[in-house]
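All remarks here apply to the structure that follows.
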Amino acid sequence: ELAKAGWLLNVQLLTFGEKIGEGEFGDVLKGSYMGQPVAIKNIKCDVTAKNFLAETTTMTQLKHKNLVNLLGVVLNNGLYLVMELMSKGNLVNYLRSRGRSSVLPWQLLQFSLNIAQGMEYLEEKRLVHRDLAARNILVSENDEAKISDFGLSKSKLLPEDVTKLPIKWTAPEALQHNKFSSRSDVWSFGILLWEIFSYGRTPYPKMSVRDVAEKVQNGYRMDAPENCQPVLYTLMKSCWEDDPGKRPSFKKLREKLEKIKTA
Ligand code: ATP
């Protein structure tokens, strides 16, 4: 099916380079495909590969400047996903390693806007990410933020896998009643904004995952990151409304971030 659509790549045109990351299911390598720099994700386990292949079909139908683009797949002793190379790695490491002295607030705002634009596209397509977090945002050579792991998260986070949910990023109604929606992604986006404006800190610092779930359910919310504009903290808190219907949509969030950026 994928072959018909032209997503099956020729392994002979693919060259493998150094290891640049480690995923849950295998290593991520740098490489090139017909001269173009790429990232190659190898999925070794056969069962997992089958699941990924199914999800890849969703990925091939999505194309946006703020989603990490899938170029195709190679089937050869397991599965290789060939993606555009995001040379500056994931956003957590990017922010932690560079810090306040080299990443300016306008750049943080630009990242936030990039992600909101990508999420607005997924929202329009009625696709729920379920694992939106700074670790799943990758940065390109020219400092553009793009969402990765979309379309893959569904197969990983089966309803019965409650223990594997990223508790600190997951909306209360999703944790308690498995109600995942674009509005539960909005909750996660609020946490992601907090991560960005605190330069890659882990959310709910010093709190255990167990405590977080209980306290958040009782109305507890994180304080504003250090030196964060009040308008941005207000935006974060709107993402953390108990009632999913009261949270803004990604369209609304994108509009607000554009306004803040030009203010
Ligand atoms: P999964 O759970 O889907 O296996 P993961 O979170 O375990 O995902 P990834 O996030 O996909 O693994 O990859 C691990 C690391 O590899 C990332 O944090 C990033 O540093 C690097 N990486 C992944 N994809 C790319 C890419 N397209 N370009 C550059 N680096 C990448």
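The values are calculated or read from the model by the stated rules, or taken from the named source; none is laboratory data. What you see is a predicted model, and the numbers here were worked out from it, not measured in a lab. Please note: Cβ atoms are built from the backbone with ideal geometry, for glycine as well, and neighbour counts cover all protein chains shown.
M86 versus (1) touching a strand residue (DSSP E or B) at 6+ places or on another chain (Cβ under 8 Å); (2) within 16 Å of the ligand (Cβ to nearest atom); (3) at pLDDT 95 or above; (4) under 20 Å from G190 (Cβ atoms): which is the lone unmet condition?
It is condition (4) that M86 fails.
Quick check on my filter: what residues within the range 64-115 are hydroxyl-bearing (S, T, Y) and within 17 Å of the chain's Cα centre (by Cα)? Walk me through it before giving the result.
We begin by selecting, within the range 64-115, every residue hydroxyl-bearing (S, T, Y); these are 80, 87, 94, 97, 101-102, 112.
Listed by number, the residues that qualify are S87, Y94, S112.
Of all the residues that make up the range 194-229, how many are crowded, with 16+ Cβ neighbours inside 10 Å, out of contact with any Leu (no Cβ under 7 Å at 6 or more places or on another chain) and not in a loop (DSSP other than H, G, I, E, B)?
Selection size over the range 194-229: 4.
For Y33, state whether it is within 15 Å of the ligand (Cβ to nearest atom), under 24 Å from L127 (Cβ atoms) and touching a residue at least 24 places away in the same chain (Cβ under 8 Å).
no
Could you list, in sequence order, the residues of the range 111-126 that are in contact with a Phe, Trp or Tyr (Cβ under 7 Å, 6 or more places away or on another chain) and farther than 12 Å from F189 by Cα?
L122, E123
Specify which of the listed residues (E18, E22) is near the ligand (Cβ under 10 Å from one of its atoms), free of Cβ contacts under 8 Å to residues at least 40 places away in the same chain and either in a helix (DSSP H, G or I) or among the charged types (D, E, K, R) (or both). If you could, list the steps in order and put the result at the bottom.
Working: E18 fails: near the ligand (Cβ under 10 Å from one of its atoms).
One residue alone meets the criteria, E22.
Can you find a residue in the range 196-206 that is at pLDDT below 95 and either out of contact with any Gly (no Cβ under 6 Å at 6 or more places or on another chain) or farther than 23 Å from V128 by Cβ (or both)? Walk me through it before giving the result.
At the first step, the residues of the range 196-206 found to be at pLDDT below 95 are 206.
Adding the requirement that they be either out of contact with any Gly (no Cβ under 6 Å at 6 or more places or on another chain) or farther than 23 Å from V128 by Cβ (or both) leaves 206.
Within the range 196-206, one or more residues are at pLDDT below 95 and either out of contact with any Gly (no Cβ under 6 Å at 6 or more places or on another chain) or farther than 23 Å from V128 by Cβ (or both).
Taking the range 125-139 as the search range and keeping residues that are without any contact (Cβ under 8 Å) to a residue 60 or more places away in the chain and of a type in the set (D, E, K, R), which one is nearest to the ligand (Cβ to nearest atom)? Give the steps one after another, and end with the answer.
First pass over the range 125-139, keeping only residues without any contact (Cβ under 8 Å) to a residue 60 or more places away in the chain: 126, 128-131, 135-137, 139.
From the residues that got through so far, the ones that are of a type in the set (D, E, K, R) too are 126, 130-131, 135.
Numbers: R126: 21, R130: 12, D131: 8, R135: 6 Å.
Out of the qualifying residues, it is R135.
Among the candidates N77, N51, single out the residue that is farther than 27 Å from K252 by Cβ, crowded, with 16+ Cβ neighbours inside 10 Å and at pLDDT below 95. Explain how you work it out, then say what you get.
Working: N77 fails: crowded, with 16+ Cβ neighbours inside 10 Å.
Every option except N51 fails the conditions.
Can you tell me which residue among G118, G151 is at pLDDT below 95, within 30 Å of K50 (Cα to Cα), of a type in the set (G, A, S) and under 15 Å from the mean Cα position of the chain (by Cα)? Don't jump to the end; show me each part of the working.
Values: G118 fails: at pLDDT below 95.
Exactly one residue qualifies, and that residue is G151.
Exactly one of (1) surrounded by 13 or more Cβ atoms within 10 Å (Cβ to Cβ); (2) touching a helix residue (DSSP H, G or I) at 6+ places or on another chain (Cβ under 6 Å) is unmet by M34. Its number?
(1)
Looking at the range 230-263, which of its residues are part of a loop (DSSP other than H, G, I, E, B) and touching a residue at least 40 places away in the same chain (Cβ under 8 Å)?
Going residue by residue through the range 230-263, those that are part of a loop (DSSP other than H, G, I, E, B) are 240-243, 247-249, 263.
Within the range 230-263, W240, D242, R247, P248, S249 meet the criteria.
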